[in-house]
Amino acid sequence: MSRRVDRRSAPQSHWGHQHRARQPEAVRRHRQSDRRRLRSMANAVMAAGFAVTLVLAVVGLRVQQVRLSYRLDALRGSRVELEETNRRLRVEMATLRSLSRIEGKARTELGMVAPGRDQVRLAREFVQGGRGAAALDGPSVVAERAVSDNVGVR
């Protein structure tokens, strides 16, 4: 019963809670620093900073990955365009090198005509030291053939 008496004797607020005894103002304003509490708070702040740094690093890497993905897509697109241009240029080059096209240009623009049968001479007959008839017969035979064909040897 003594407990009840003690509770009743302590001052209470109008909400029914007991008040602590009034401390002198100098004691209330002064707090002693607790090193364990400060150390644990510092560790918590460092852990939170590390976690934030880690999250920012992961987000930064993901942003870089997305940026590189867009760059890769753009490079692939330009590669396809360049391959198409290369294909078109190869077709154009083959068309320009076509012998029928060159012959047509020679006939129309330059006024050239096809050679007659008597105008064609085989070059291997006149090559010295080559594989033709001149290599087998010697230079004197080549000169005789040239004279008989009315062609001068140079």
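Nothing in this text is a laboratory measurement; each read-out follows from the coordinates by a stated rule. These numbers come from a predicted model, not from an experiment. Every residue, glycine as well, gets a Cβ built from its backbone with ideal geometry; the counts of neighbours run over all protein chains shown.
Taking θ = phi - 60°, what integer Hz values does the Karplus form 6.51 cos²θ - 1.76 cosθ + 1.60 yield along region 81-96, in sequence order, with x for Gly and Pro?
In residue order, the calculated couplings are 4, 5, 5, 5, 4, 4, 5, 4, 5, 5, 5, 5, 5, 5, 5, 5 Hz.
Once you place label points 7 Å from the Cα toward the Cβ at Arg37 and Gln65, how far apart are they in nm?
Here the answer is 4.4 nm between the modelled labels.
Go through region 110-123 residue by residue and turn each phi into a ³J(HN,Hα) via Karplus (6.51, -1.76, 1.60, θ = phi - 60°); whole Hz please, and just put x for glycine and proline.
9, x, 7, 10, 5, x, x, 5, 7, 8, 8, 10, 7, 6
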